[in-house]
Amino acid sequence: MPLDIMSSPRLDKGTPETMRDQIRSYFHNTWEVYERLFDVMSNDEAFFTKADPLRHPLIFYLGHTATFFINKMVLAKVITERVNPRFESIFAIGVDEMSWDDLNDENYQWPTVPEVWEYRNQVRKVVEQAIDELPLNLPVTWEDPFWVIMMGIEHERIHLETSSVLIRQLPLKQVQPDDNWPACHRSAEPAANEMVAVTGGIVQQGLTENHPYYGWDNEYGNLETEVAEFLASRQLVSNREYMTFVEAGGYSTEKWWTAEGWSWRTYRQAEHPTFWVKTPDGKFKLRCMTEEISMAWDWPVDVNYLEAKAFCNWKAETSGKPVRLPTEAEWQRLLEVSGLADQETWSGVQGNISLGKYASSCPVTDHQHGDFFDVVGNVWQWTETPISGYPGFKVHLLYDDFSTPTFDTRHNLFKGGSWASTGNEAGPFSRYAFRRHFFQHAGFRYVESEAAVEIHDDIYETDELVGQYCEFHFGQEYFGVPNFPKTVADICDEILKGKTCRRALDLGCATGRSTFELARFCDHVTGIDFSARFIRVGHEMQKNGSIRYAIPSEGKLVSYHEKTLDQFGLSDTRDKVEFWQGDAHNLKEQFNNYDLVLACNLVDRLYHPSRFLAHIAGRMNKGGLLVLLSPYTWLEEFTPVEHWLGGRKVDGENVTTLEGLRQELEPLFRMVNEPRNVPFVIRETSRKFQHTLSQMTVWEKTE
C-alpha cells in the first residue's frame, strides 16, 4: 500500500515546542520515504548506471540530498564542522543541465553504496541534533535558522520525485516492484476530450513575506495579469489522444516542431514518447517506475515540452483553431474556476498526488475538479511560460542557484504536480521549471485562445548585485581608477616573467573578466565562484561573446548595457576558459596541478581562511604562484572572529592580516616581492561608489 506522506507544515501556529516536534516529524517522514524509494533498486550496479545521459547516476542522488543539508547548514552557520568533506564536494552540484554541472564520470570516483548509506546515517544525526538544539521562534521566516532545515527537507522531497523519474529510465533488470510503490493497473479506452470555456479575470500571483508555508524564492513577489476568456481541454491529453499525433507522422514532420524541438527529436531519433515501449509486433507497452504494463490508453501521456508543443502545433493546423499550451496565468485561472486555488495544500484534495493513490499515473477521468479532470495531480502540466521572478523577487542567499540560473528563457514552467509531488510541490503556489527537453512525470492539456503569448528573449541581467559586478568587471572606469580585473591580470602576467602557465585557477571569479584576461597568457583558465548567479554571467559571455545587464541609476530608474568580448580584445580566449560553481574550501578533486592561482577579494569572505590556504596549497605545482588580493575587511557575518587571519588581538598583541598570511603560508610558500595596493571602484548607483584598496601579495610554492 502507499506510504504515509506528511504534508508541509504551517510555520506560524502553535508553540515553539509543538513546531519543533512537527518539523522533526516532517524531517523523519521525508528522510525515510526518500530512502524507501531506493528499495526498488535490484542491485548495487543500478546505483552506478546512468539512466539519463544528462544526469548523474543514482548514487549521486542518494548522497546529494544529505550533502545539501550539510552544505547549507555550514553556509548558514548552523554547524561549523563537515561530516565528510570529500562527499560534500562530489555530491554537491550536478542536477540541472547547467554549464557548471560536471557530468563527466571521469572526474568522479564514486563511493560504494554502503559507504553512502553510512554517510546518510551520520548526516541524519547531525540534522536531528540541530532540530533539537536550534533556537526556534514563531513564525519561522527566511532569516530563522529553522528555515535552512525546512529548505533541506523540501529539497529532498523534490529529489524524491526527480529520482523516481530516473529510476523509471533504468533497465528493467535493475529495478524490482515494491509494495510501498504500487502502480495503478486499471485502464480502458478514454472518452473523447472536449473543450470547456474558462471565464477571464484578473489573476494575482506571488506569495507575501508572511506566507505561513515554506516557499522557494521564485514563489514570492506580486504579479497581476488580466487573462482573457479561453477554452481548455476537459482532460489531460491521454496516450490514446497523443497516438493520433504519432500516427499522423508527428515525429517525422518537421513543420510541427520548433527549431529546438526538431533538433532534439533528430538527436534522440525519437519516434514516439520515451516511456512508450514498442514491441516486436508493432504494439506498445508503457514503462512505469518498476515494470512494463500493457499500454494504458486512458492515462495521461508523459512527454517533454517540445513534444507537447509539437502536438499543439499539429492540432492547430489540422483543426484550424488557435491551439496551444496554457500560459502560467491561464493555468492559474483554470485552478481558480475549479475551486482549488484557495486550498492551503493539495494533500487533502481528491487527486492522484502526494503518493496518496499510486506510484504511477492513473486514468485521466478518475479525479474531477469542477468542470475539469486532473487540474492538479496525475502528471505536471507544461505551460508556454519560461520561468522568471515575479516583480519584487529576491534571491535567498542560502540557495542562490535554485531559481536564478533558470531565468534564461530556456526553462519552462509546469504546474499542478504529479502523483509523486509532495510537500511544497503539492501546493497551489509552487513554481517549478525544467529545460524543455527534460523529462519529469509531466504531460499537458491544451487551450484555444487568440491571446498572444509574450515571451521575451532579449533578457537583461536585472539582479542588482550581479548587475553591479557586471559593471565592475566589464563596465566603464570611474574616477581614473583602472579596471580592477584587467589590472590584476596584467600584474600576474608581469610577475610570471616569462614562465609557462599551463593551468590557472581564478577563485572567486565573480562574473569572469579576470578569467578571460588570464587566458591571454595562460593555456587554460578555470574560473570558480560560489555563486551560480555570477557564474552564469561568465558562461554566457563565453558562450555568446556578449552579456546584457541593467544597473541602478537612482530609485527605480535603471540603465541598460551590452558588453562583448570583442570590445576588450578577448574573443580568442573563449576556448581557453571554463566556469564552475564551487566552494573554495572544498573543491572537487579534478581542480589541481595549477601554475597560477588567483584569489581576488576572497580570503576575508571565507568562513575558515586558514583551512582554505592549506587546501589550496595541495592544488598547486611546485614553483606555482598564489596571488592573493584583499582589503582585509573582516566581518563576523562571513568569518568567525577566531578564524580571522588578522585585524584582531591575540594574547594582547595586535595581529595584522599580512602577519597572519605569513604564518599560514611560509612553511610551504615564500613571498615574492613586497605587497602592493591595487585600487578598485564599485558603482552602486550613478551617485554612489565604493573606493577600496586591495592589498596584493604573491607567494611562490617552494615545497
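Just so you know, all these numbers are worked out from the coordinates, no wet-lab data involved. Small disclaimer: the values here were computed from a predicted structure and weren't measured. For neighbour counting, all protein chains shown are included, and Cβ atoms are generated from backbone atoms with ideal geometry for every residue, glycine included.
Close amide H partners of Ser238, meaning residues 5 or more places away or on another chain with modelled amide H under 5 Å apart, are Val301.
Packing-based ranking of 578-589, 135-146 yields 578-589, 135-146, ordered from highest to lowest mean Cβ neighbour count within 10 Å. Its alpha carbons give the range 403-489 an Rg and a Dmax of 20.2, 60 Å. Here each label is just a point 7 Å from Cα along the line to Cβ, and for Gln368 and Met195 those points are 2.3 nm apart. Remark: the chain carries a charge dipole of roughly 1060 debye about the Cα centre, counting +1 on each Lys and Arg Cβ and -1 on each Asp and Glu Cβ. Panel values: the range 157-252, Kirkwood radius from alpha carbon pairs, Stokes-Einstein at 4 °C and 1.567 mPa s, translational diffusion coefficient 69 µm²/s.
Against the chain, whose longest principal axis comes from its Cα atoms, helix 484-496 is set at around 60 degrees.
The local environment of Glu271, defined by Cβ-Cβ distances under 12 Å, has a net charge of +1 under the rule Lys, Arg +1 and Asp, Glu -1. Left without a cysteine partner by the 4.7 Å Cβ rule in the chain: Cys288, Cys312, Cys470, Cys492, Cys509, Cys600. Sorting 22-30, 558-566, 277-285 by their mean Cβ neighbour count within 10 Å, with the most densely packed peptide first, gives 22-30, 558-566, 277-285. So, in Å, what gap is there between the alpha-carbon centers of the range 549-575 and the range 46-96? Using only Cα atoms to place each centre, the spacing works out to 34 Å.
In the distance distribution for the range 592-650, Cα-Cα pairs more than 19 Å apart total 33 percent. When all alpha carbon pairs of the range 518-642 are counted in 10 Å bins from zero, the resulting P(r) reads 11, 34, 34, 19, 3, 0 %. With an a/c value of 1.5 or above and a/b not larger than b/c for the gyration tensor axes a ≥ b ≥ c computed over the alpha-carbon atoms, the range 464-701 is described as oblate. State whether the range 336-491 is rounded, prolate or oblate according to the following rule on the C-alpha gyration tensor (a ≥ b ≥ c being the square roots of its eigenvalues): a/c under 1.5 gives rounded; otherwise a/b larger than b/c gives prolate, and the remaining case gives oblate. Since a/c reaches 1.5 and a/b is larger than b/c, the shape of the range 336-491 is classed as prolate. Counting Lys and Arg as +1 and Asp and Glu as -1 over every other residue whose Cβ lies under 10 Å from the Cβ of Asp523, the net charge comes to +2. For the cross-link pairs Lys173/Lys255; Lys50/Lys315; Lys77/Lys588; Lys77/Lys486, the ones whose C-alpha atoms lie over 31 Å apart are Lys173/Lys255; Lys50/Lys315; Lys77/Lys486. Here the range 16-174 is treated with +1 on each Lys and Arg Cβ and -1 on each Asp and Glu Cβ, and its dipole about the Cα centre works out to around 140 debye. Cα-based radius of gyration for the chain, normalised by 2.2 N^0.38 Å, reads 1.01. Over the chain, DSSP H runs of length four or greater, each weighted -39,500 (n - 2.57), average out per residue to a 222 nm ellipticity of -8500 deg cm²/dmol.
Could you give the distance between the Cα centres of the range 603-665 and the range 359-421, to the whole Å? For the range 603-665 versus the range 359-421, the Cα centre distance is 44 Å. For the range 627-688, the set of trypsin sites (Lys or Arg not before Pro) satisfying both a DSSP loop assignment and a count of at most 12 other C-beta atoms within 10 Å is given as Arg687. Annotation: the antiparallel percentage among DSSP beta bridges lying fully within the chain is about 70.
When peptides 307-314, 212-219 are ranked by their average number of other Cβ atoms within 10 Å per residue, the highest-first order is 307-314, 212-219.
Rounded, prolate or oblate for the range 16-174? Axes are the square roots of the Cα gyration tensor eigenvalues, ordered a ≥ b ≥ c, and the cut-off for rounded is a/c under 1.5. Prolate.
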